[in-house]
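What follows is one structure encoded as structure tokens, with my remarks underneath.
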Amino acid sequence: MSHVTPSNLRPPSDQLLADLADYALNFTAPSDEALDTARWCLLDTLACGILALAYPACTKLLGPVVSGTTIVNGARVPGTAYELDPVQAAFNIGTIIRWLDFNDTWLAAEWGHPSDNLGSILATADWLSRNAAAGTPVSAFHSSLVTRHSPLTVRDVLVAMVKAHEIQGILALENSFNRVGLDHVLLVRVASTAVTTAMLGGTRDQVIAALSHAWLDGSALRTYRHAPNTGSRKSWAAGDATSRAIRLALIAMTGEMGYPSVLTAKTWGFQDVSFKGQPVKLARPLGSYVMENVLFKISFPAEFHAQTAVECAVQLHPQVRDRLDAIERVELTTHESAIRIIDKTGPLHNPADRDHCLQYMTAIGLIFGNLIAEDYEDKTAADPRIDALRAKMTVTEDKQYSRDYLDADKRSIANAVQVFFREGTSTEKIAVEYPIGHRRRRKDGIPLLQQKAAAAFTAHYGQSKSENLTSLFTDCAKLETMSSHEFVSSFVK
């Protein structure tokens, strides 16, 4: 047998790494629509995080790794008094943002929640800015970082959000990691790594090196998102990804080497090992597309494929609330992705299981005329009417809904619900194509998004501070010039 010795010549960096690095470093002019949407996205994302602080299952995971540890001029966690190193702060912020499944969504070949990246962006901005304002180096290993920055502004945070949204979302358009069993938080780690390394003042080579490490890490399995293993890790997976991103960025900033063909190396690269040999590619040039088209969860803390189903159920609530015992069947008509991800029968074991069950969320809407985060807890789930109604539901795919879901111009997330009674009558078939958080419904959605945030802040801080916080977002120009550490200070409790 002949043996061919492999070449040990280092190839140039994979083109995708270079493209992501160039965008993270050089893109500074998002569209006006993207910046305006980013402002509301920042408000909404913080509101989701503040809401999560009412849940002990979430707060038990927060704070320093070692109890009692605090960092001088560290990064703060909104809604708390924690002052942490940026890596652990990113875990905290990313976890509260994602806990209730109420922050923004991006649906494509690979879906995800681009505002998850705020965990790394806000922690990095606060940490850098506090130390820049104090004139202190951020660490012994990175003494040059503080000299590279005046305090970052909220505009810097908004631009970083646009870039992280874009990297995650454009990679998601045609690369379906979930279909090979990998979790979409991979893209949170990649986007956050690129953007935070650039925020730290990394060179092009350092951003590329950090990105290579992000891909080297592979990805978590999707096990914790699917029956029969659905569990609460899906609520802190994004925090884990954002914290890892900052860790990799800081490693790269020391000059640690990268791995140029991490994606394309034969046998050992990401594409061969984890992606069945498929190329990882960008579906379109990077700009502001994702932030402009991002989907907000405004009305319901529900997995996004079910948002319009719950809207339908709430519309039908007045017709069925007094006739629940007379229902023969409930027909749910949906799209392929919803069937693959959240069509679920049998016992539901925990809140994470319930908020990824199309039938459970629809039943709550029909019975109560609303859906709130508390409805996933054991107390509500014990209501026997819910499982009785779930047992009467059928789920079918509408092929047109599935086509429109993938249509780049429509990006619809359609569902329909119809209730049939034993005596032979039925409700009308209620269909909703675009949820209230869709770009096509922005005009109606933003006032409701502001109400959602105000309610979250009032519950946690009280009425007076809530009004002060929401007022920060009314004057876009004033908000953008505010230093990021002063902005975060407004949210400290």
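Bear in mind that the values in this text are calculations on the coordinates, not laboratory data. The shown structure was predicted, so the numbers you read here are calculated from the model rather than taken from an experiment. Positions of Cβ are backbone-derived with ideal geometry, glycine not excepted, and every protein chain shown enters the neighbour counts.
General remarks:
- Stretch gain in nm, segment residue 391-residue 425, where the contour uses 0.36 nm per residue and the Cα spacing is subtracted: 10.3 nm
- Violating pairs (Cα-Cα greater than 18 angstrom) within the set 392/429; 234/452; 297/452; 297/478: 234/452; 297/478
- FRET efficiency, 1/(1 + (r/R0)^6) with R0 22 Å, evaluated for residue 283 and residue 439 via beta carbons: 0.75
- In this rough spin-label picture, where each label sits 7 Å from Cα along the Cβ direction, the residue 81-residue 205 distance is 4.6 nm.
- In this simple spin-label model, placing a label point 7 Å from the Cα along the Cα-to-Cβ direction at both residue 377 and residue 476 gives a separation of 3.8 nm.
- All Cα pairs of the chain, percent lying beyond 29 Å: 49 percent
- Additional length obtainable on full extension of the chain from residue 256 to residue 322, 0.36 nm per residue less Cα span: 17.2 nm
- Shape class of segment 394-448 from the alpha-carbon gyration tensor: oblate, with a/c at 1.5 or above and b/c at least as large as a/b.
- Rounded to 0.05, the FRET efficiency of the residue 18 and residue 176 pair, given R0 = 35 Å and the Cβ-Cβ distance, is 0.90.
- Using 0.36 nm per residue and subtracting the Cα-Cα separation, the extra length available between residue 66 and residue 408 on full extension is 118.5 nm.
- Over all directions, the projected convex hull of the C-alpha atoms in segment 234-285 averages 5.5 nm² in area.
- For 161, 257, the sequence from fewest to most other C-beta atoms within 10 Å is 257, 161.
- Separation of the residue 233 and residue 54 label points, Cα + 7 Å toward Cβ, nm: 2.9 nm
- Förster-model FRET efficiency, 30 Å R0, residue 32 and residue 400, C-beta, rounded to 0.05: 0.30
- Relative contact order computed over the chain (Cα-Cα under 8 Å; 6+ residues apart), in percent: 19 percent
- Packing, taken as the mean count of other beta carbons within 10 Å per residue, orders the peptides 76-87, 4-15, 383-394, 49-60 from highest to lowest as 76-87, 49-60, 383-394, 4-15.
- Each of the peptides 39-46, 364-371, 66-73 was scored by the mean count of other Cβ atoms within 10 Å over its residues; in descending order, highest first, they stand as 39-46, 364-371, 66-73.
- Each residue in 244, 98 was given a count of other beta-carbon atoms within 10 angstrom of its own, and listing them fewest first yields 244, 98.
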